[in-house]
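Here is the structure we will look at, set down as structure tokens.
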Amino acid sequence: MYAKLYPEDLFEVLFPSVVGNVSAHLTRARVDAVSCNGHSECKTVVSGDVARLGGVRAPARMTVSRVGRKVLSSMVMGPTHAMSGAAVGLAVSDLLPPDWGGPTSTAETFTFAAVCAGAALLPDLDTSQSTVSRSFGPVSNVLAKGVDALSLGFYTLTRGKRDGKRRGGHRTLTHTALFAVGIGAGVTALIVRFGKPAIIATLFIFLGLALRGLAGELAKEKGWLAVSAVAAVLSALTWQMYPTEAGSTGLGVAVALGCVTHCLGDAITKDGVPFLAPFITVRKERWWELRLPPFLSIRAGGPFEKVILGPALTVAVGLMAVWAIDGAPQAIYDAFMPVQG
């Protein structure tokens, strides 16, 4: 395992005398166990005393050296992914034709958006450090390790001549258009084939993920058992909103849309995402990262995401949710427009 020290903690680690005992600092420091984004090119040189932090052997001092162009990866926060999924779900629900499973009522619109929000966490199931891996306790954690191994195997089989070797599968298979389309089609096929049981299972999984992402610290405080219980109740109550085949298959569209939203969210970070892999080769690389120019990209989990992007998405989702209520647009118009005498 590798250790990543956040920049804002660097001063305290390098100058422990300024902040007191270094062991006390390590109890507070936010050190994550990561796999260097799976890249064997990255390595960590560790020296000094070691303290145990959250089950991870975390060094009091460390320097991180980077070989090649790959960098240590930080994940976008779960609430940001979930909120962006909800926003996209609310926006697309008005555009999706009913024949494709588009919502036809306020309740269906909110359910579509909630499933999309939950699915916006799903691609990070390829690492045990993510929100989604902790959403359903030991079950999701074990599943995350399996998906990590599967993703690494798929990357190894399909990598191009200039794609480097990796030690983990994070941001590979599950962060591609192939995965988004495949998982969406799979959900749709299961719903068409099995009906009610598949609908309830889909709602349980993705409403549970939405709760874990949107509720943030509250969901974390209550624990995965409470999240699972609430998701079970909600899925049992809402399955009746999709009585027809067309309406039910809309859930598959919501899942695919949420995964795409997640990938686009990662694409605005400095690490990017291999969204078009492994079909399009660029400079003999099949797993090249789709990303913004450096001066436009953001640091995952950084100040911009916490202070600007997250709150902006929250406000947007709130406004869009109000607008999605049947009759709300006309009521708002009538309230603010003068009555013609």
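Applying a threshold of 9 Å to beta carbon distances and a minimum spacing of six or more residues, or different chains, the list of pairs starting in the stretch 283-294 at a residue that is under 15 Å from T174 (Cα atoms) and ending at one that is modelled with pLDDT under 90 reads E289/D271. When F112, F179 are screened for being closer than 24 Å to I298 by Cβ, crowded, with 20+ Cβ neighbours inside 10 Å and among the aromatic types (F, W, Y), only F179 passes. Restricted to the stretch 90-114, and to residues that are part of a helix (DSSP H, G or I) and either under 13 Å from the mean Cα position of the chain (by Cα) or among the hydroxyl-bearing types (S, T, Y) (or both), which residue is nearest to L264 (Cα to Cα)? My answer is S93.
Just so you know, in the stretch 283-341 the residues that are basic (K, R) and loosely packed, with under 11 Cβ neighbours inside 10 Å include one that is nearest to K270 (Cα to Cα), and it is R283. A Cβ distance below 7 Å, combined with a sequence gap of six or more or placement on separate chains, defines the contacts here; from the stretch 84-108, residues that are among the β-branched types (V, I, T) reach residues that are assigned to a loop (DSSP other than H, G, I, E, B) and loosely packed, with under 15 Cβ neighbours inside 10 Å in the pairs T106/I325; T106/D326. Return the pairs, sorted by first residue and then second, in which the second residue is loosely packed, with under 13 Cβ neighbours inside 10 Å and not polar (S, T, N, Q), the first residue lies in the stretch 304-328 and is more than 18 Å from T261 (Cα to Cα) and at pLDDT 90 or above, the beta carbons are less than 7 Å apart, and the residues are 6+ apart or on different chains. Partner pairs satisfying both residue conditions: none exist. Among the residues of the stretch 284-329, those identified as charged (D, E, K, R) and assigned to a helix (DSSP H, G or I) are E305, K306. Considering only residues that are surrounded by fewer than 19 Cβ atoms within 10 Å (Cβ to Cβ), part of a loop (DSSP other than H, G, I, E, B) and touching a helix residue (DSSP H, G or I) at 6+ places or on another chain (Cβ under 9 Å), which ones fall in the stretch 130-173? Those that are surrounded by fewer than 19 Cβ atoms within 10 Å (Cβ to Cβ), part of a loop (DSSP other than H, G, I, E, B) and touching a helix residue (DSSP H, G or I) at 6+ places or on another chain (Cβ under 9 Å): K165, R167. Taken over the stretch 288-323, the criterion of being of a type in the set (D, E) and within 16 Å of the chain's Cα centre (by Cα) is satisfied by E305 alone. Among the residues of the stretch 224-242, those that are in contact (Cβ under 8 Å) with a residue 60 or more places away in the chain and either outside any helix (DSSP H, G or I) or closer than 13 Å to A114 by Cβ (or both) comprise T238, M241, Y242.
Could you say whether any residue in the stretch 268-283 is among the small types (G, A, S), closer than 15 Å to H81 by Cβ and under 16 Å from the mean Cα position of the chain (by Cα)? No: zero hits. Of all residues in the stretch 267-282 being aliphatic (A, V, I, L, M) and not in a loop (DSSP other than H, G, I, E, B), which is surrounded by the fewest Cβ atoms within 10 Å (Cβ to Cβ)? Going through the qualifying residues, I end up with V282. Restricting attention to the stretch 280-296, the residues being modelled with pLDDT of 90 or more and out of contact with any helix residue (DSSP H, G or I) (no Cβ under 9 Å at 6 or more places or on another chain) number 8. Somewhere in the stretch 221-231, is a residue closer than 17 Å to T111 by Cβ and among the aromatic types (F, W, Y)? No, there is no match, as no residue in the stretch 221-231 is closer than 17 Å to T111 by Cβ and among the aromatic types (F, W, Y). Residues in the stretch 115-169 that are of a type in the set (A, V, I, L, M, F, W, C) and farther than 25 Å from A226 by Cα: A149, L150, L152, F154, L157.
The values are calculated or read from the model by the stated rules, or taken from the named source; none is laboratory data. The shown structure was predicted, so the numbers you read here are calculated from the model rather than taken from an experiment. Every residue, glycine as well, gets a Cβ built from its backbone with ideal geometry; the counts of neighbours run over all protein chains shown.
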